[in-house]
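Scroll down for the structure; my scribbles are underneath it.
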Amino acid sequence: MCGICGAVWGDPGGALGEGRLEAMMDRIAHRGPDDAGVHRDDHAALGFRRLAIVDLEGARQPLSNEDGTIWVVFNGEIYNFPELRRRLEARGHTLRSRGDTETLVHLYEDEGPRMFDHLRGMFALAVWDAPRRTLLLGRDRLGQKPLLYREHAGRLVFASELKALLALPEADVPREIDPTALDHFLTFGYVPHPRTILEGVKKLPPAHYALWRDGRLQVERYWSPDWDLERRRPFEQDAEELRATLDAAVREQMVADVPLGAFLSGGVDSTIIVGLMQRASSRPVKTFAIGFPDAAYDETAYAEAAARAIGTEHHTFIVEPKAWETIPALARQFDEPFADSSALPTWHVARETRREVTVALTGDAGDELFGGYDRYRALAITELFQRVPAGPRRMLAGAMSRILPRSGKAKSRLRALERIAERIDQPADARYLGWMTTFDEDERTALYADDQIDRLADPESGASVLGRALAAASGRDVVTRAMVADLLTYLPGDLLFKVDMASMAHGLECRAPFLDHRVVELAAAMPVGRKLRLRPGRSKVVLKRAFADLIPPPIRARRKMGFGVPVGRWFRGELKDELSAILLDPATLARGLFRPDRVRELVAEHASGRREHGHRLWALLMLELWMREYLDTA
């Protein structure tokens, strides 16, 4: 695990200035505190910061082939590197290290961009082919590792994090907000790929590579499962294959030359991962959970029950975070405005876990693969109600509000009741967008200043971003379409970005066995009935059956809690003054993005308890803190 950065250029005038590569590397030193390295030639500069996990003494980067003509910098882990190594040696390649990085150089020599078909792991990498003056960038299938780039004036610069690119002069990387990216942020709470919050800087999408040659850039997808494929076979066959495949993924991901543990929330997904780890380990696995004094947000009792049942060495951290000491650090670390408040507990659990281990396995993606979110059940139920005549359908809206998730991510019950009848009548795509939205279209329009509305010339709305993802499985039922859409958007844009940025801030590597692409393809082909039933508590059906022996009964039956913090209460209590001081600051209101009266109204409505705007205010707060950190100080 590490951080990478660099640049390539055609003409000598495009070369990085003196000290620029080192400045980029310094900005991502937290990703790799153990080592640093550089490679330069007449047309490229590659930088690397290392967090040593495997082959601690060898595998220093940048790393080359035998004659020094091809170089690689690489962030991540290739779990199947032993078999790749054997294959390469059989073909006559000489490998000098014991780690996974060197396999990438020789695999590129043999396969070129087709190399990604052979990789099983999480990665962001750059291969510089000096004789051909060709740079190959690549990102893992599901987007666990970030990779950003900017192409301008015959030069391409890239990095693991945006802050590394912002080490370059403003002439090279302008600090201009992309109005469409801002609109997407207010819609989803994050900026979906390929955009970033800044004009001209892009994220390489998951499952894509970028090939730069002679000043020309080509971006291609290398992995695209048939999301429309639905495999119907006996239930037990699905369960048995799932168990074998996930068990193999866990065992592969436990390979490390440093202390290893796992996050254990007390939910089904992390309990299964820890149970499989313990069965593969000769000593108690170290597990970690974080809790808060507010019982509505505390899962530690479930985590401790799972730890006792499995037999782990469990560590519980109860944190009453002095939130205002942590929130600015989040804005600084996350590079872009990011409105998922669960970044706060993720930050704390990563920090505390790093005191004991260097690698932690997680249960990430279990919800997206096996129907764990309430919104999937809501989508199925409302789809059934489409068959009811309009009049009776509206009469049932009140009853529906008791089982549907609150829209807008955390709207009040009153607001949900006001909108429920309207949502029942909407097409499935619009219903799902409503449940994924922080500010809906009307709310964003009411918030924007007139000049900001004029800047939104790009027709790509948040609805079109989600619509494309929903269309990826157009031949499947609406719930499967939503789950696939989450795998393509919400998972890489929100959850995986959050875990990577929060964990790497503390030099902790997180691995997610559910994201082994063999597990993903297997789960995606299962009928929706294998995952979700309409009765409450009947989600992840095949997953719970396959691993019934690993899940204690209280955890199998519990309702999903979610991993968040009480931002609504904080903004009416201990953070009320801090929120007002930031959002109602004359300098904030004068930025020209939003109508000052509407911002004041949101703050006042929430403070009085008339409306619940906690997550909207969190989004506006994180945006303003990001602008102060990255735009005002540029």
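A dipole drawn for the range 482-634 from +1 and -1 charges on Cβ atoms has a positive end, and of Val603, Val565, Thr633 the residue lying farthest that way is Val565. Dipole size of the range 1-160 about its Cα centre, with +1 on Lys/Arg Cβ and -1 on Asp/Glu Cβ: approximately 420 debye, rounded to the nearest 20.
Share of carbon and sulfur in the accessible area of the chain stands at 49%, probe radius 1.4 Å. Would you please give the FRET efficiency between Glu66 and Arg251, computed as 1/(1 + (r/R0)^6) with r the Cβ-Cβ distance and R0 = 35 Å, to the nearest 0.05? E(calc), rounded to 0.05, equals 0.60. Under the convention that each Lys and Arg Cβ holds +1 and each Asp and Glu Cβ holds -1, the size of the dipole of the range 276-385 around its Cα centre is about 500 debye. Legend: distances between Cα atoms for Lys145/Lys202; Lys163/Lys286; Lys145/Lys286; Lys286/Lys560; Lys322/Lys498; pairs beyond 22 Å are Lys163/Lys286; Lys145/Lys286; Lys286/Lys560. As a rough guide to protection, the peptides 119-127, 267-275, 571-579 ranked by mean Cβ packing within 10 Å, highest first, stand as 267-275, 119-127, 571-579. Just to confirm my numbers, what's the Cα centroid distance between the range 558-609 and the range 297-318 in Å? After rounding, the separation between the Cα centres reads 33 Å.
About its Cα centre, the dipole of the chain is roughly 2420 debye, where the only charges are +1 on Lys and Arg Cβ and -1 on Asp and Glu Cβ.
Dividing the summed -39500 (n - 2.57) terms of all DSSP H runs of n ≥ 4 by the residue count of the chain sets its mean residue ellipticity at 222 nm at -12000 deg cm²/dmol. For the range 89-190, applying the loop criterion from DSSP together with a ceiling of 14 other beta carbons within 10 Å to the GluC sites (Glu not before Pro) yields Glu170, Glu176.
Roughly speaking, what is the centre-to-centre gap between the range 346-384 and the range 110-133 when only Cα atoms are used, to the nearest Å? Between the Cα centres of the range 346-384 and the range 110-133 lies a distance of 30 Å. The value of relative contact order for the range 1-122, using C-alpha pairs under 8 Å at least six residues apart, is 24 percent. Taking a ≥ b ≥ c as the square roots of the eigenvalues of the alpha carbon gyration tensor, the chain is oblate, as a/c is not under 1.5 and a/b does not beat b/c. Averaged per residue, the range 71-216 has 31 square angstrom of accessible surface, using a 1.4 angstrom probe with ligands and nucleic acids left out. Protein-only accessible surface at a 1.4 angstrom probe places the residues Thr180, Thr94 in the order Thr94, Thr180, largest first. Sorting Lys540, Lys322, Lys286 by accessible area puts them as Lys322, Lys286, Lys540; the probe is 1.4 Å, largest comes first, and only protein heavy atoms count. Excluding ligands, DNA and RNA, the accessible surface per residue across the range 561-600 is 48 Å² with a 1.4 Å probe. Express the accessible area of the range 298-394 per residue in Å², computed with a 1.4 Å probe while the remaining protein chains stay in the model. Averaged over the residues of the range 298-394, the accessible area is 36 Å². Across the options Pro554, Ala301, Val255, the greatest Cα extent toward the positive end of the charge dipole of the chain (unit charges at beta carbon of Lys, Arg, Asp, Glu) belongs to Pro554. Take every pair of alpha-carbon atoms less than 8 Å apart whose residues are at least six positions apart; their mean separation over the length of the chain yields a relative contact order of 16 percent. Averaged over residues, the count of other Cβ atoms within 10 Å places the peptides 365-373, 603-611 in the sequence 365-373, 603-611, highest first.
The values are calculated or read from the model by the stated rules, or taken from the named source; none is laboratory data. Computed from a predicted structure; not experimentally measured. With ideal geometry, Cβ positions are generated from the backbone for all residues, glycine too; neighbour counts draw on all protein chains shown. These area figures cover heavy atoms from the full protein model, side chains too; ligands, DNA and RNA do not enter into them. Shrake-Rupley method; radii C 1.70, N 1.55, O 1.52, S 1.80 Å.
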